[in-house]
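The values are calculated or read from the model by the stated rules, or taken from the named source; none is laboratory data. Not measured: the values here are computed from a predicted model. All Cβ positions, glycine included, derive from the backbone under ideal geometry; neighbour counts span all protein chains shown.
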């Protein structure tokens, strides 16, 4: 997760990232989960995807937000990202989610090509953010 945050220029700190990862892996409260891709069960992590469950008023149904998708540089182009997306879709179906959405940086063209390849639809919405 540190490499992912570095990629996007974010610095939440290692303790915060570890706490978040543990929370998502345990999924005790049912707010979301984290998938980790490995070649072997105890091998190094090749990538991860983070899902959060929410509601969509416009769909009048439950949806999932893939807040993170990251693959280590040496594993890119090997099918890891596609496997993570497939895993996310499977978890969404298991939980009755009707839609899976995510965003990426405008300059992340490699990711955009991947998303088009897996059949994702580009959104017409514009994202905003604000500190509370």
Query - Qualifying position, being closer than 22 Å to residue 32 by Cα, out of contact with any strand residue (DSSP E or B) (no Cβ under 8 Å at 6 or more places or on another chain) and at pLDDT 95 or above, among 101, 94, 74 - result: 94
Query - Subset of the range 37-62 (residues that are part of a strand (DSSP E or B) and in contact with a helix residue (DSSP H, G or I) (Cβ under 8 Å, 6 or more places away or on another chain)) - result: 37, 47, 48, 49, 50, 51
Report summary line: Within the range 88-128, residues closer than 16 Å to residue 56 by Cβ and part of a loop (DSSP other than H, G, I, E, B) come out as 95, 96, 97, 98, 99, 102, 103, 121, 123, 124, 125, 127
Query raised in the report: Regarding residue 74, is this residue surrounded by fewer than 12 Cβ atoms within 10 Å (Cβ to Cβ), on the phi < 0 side of the Ramachandran plot and assigned to a helix (DSSP H, G or I)?
Result: yes
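Would you point out the residue of the range 18-35, among those that are closer than 16 Å to residue 69 by Cβ and out of contact with any helix residue (DSSP H, G or I) (no Cβ under 8 Å at 6 or more places or on another chain), that is modelled with the lowest pLDDT? Break it down stepwise before answering.
At the first step, the residues of the range 18-35 found to be closer than 16 Å to residue 69 by Cβ are 20-21, 24, 32-35.
From the residues that got through so far, the ones that are out of contact with any helix residue (DSSP H, G or I) (no Cβ under 8 Å at 6 or more places or on another chain) too are 20-21, 24.
On the way: 20: 67, 21: 68, 24: 64.
Filtering first and then ranking leaves 24.
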Report summary line: Flagged in the range 80-103 as under 14 Å from residue 68 (Cβ atoms) and without any contact (Cβ under 8 Å) to a residue 12 or more places away in the chain, in numbering order, are none
Report summary line: Only unsatisfied item for residue 69, checking (1) over 16 Å from the mean Cα position of the chain (by Cα); (2) under 22 Å from residue 9 (Cβ atoms); (3) outside any loop (DSSP other than H, G, I, E, B), is (1)
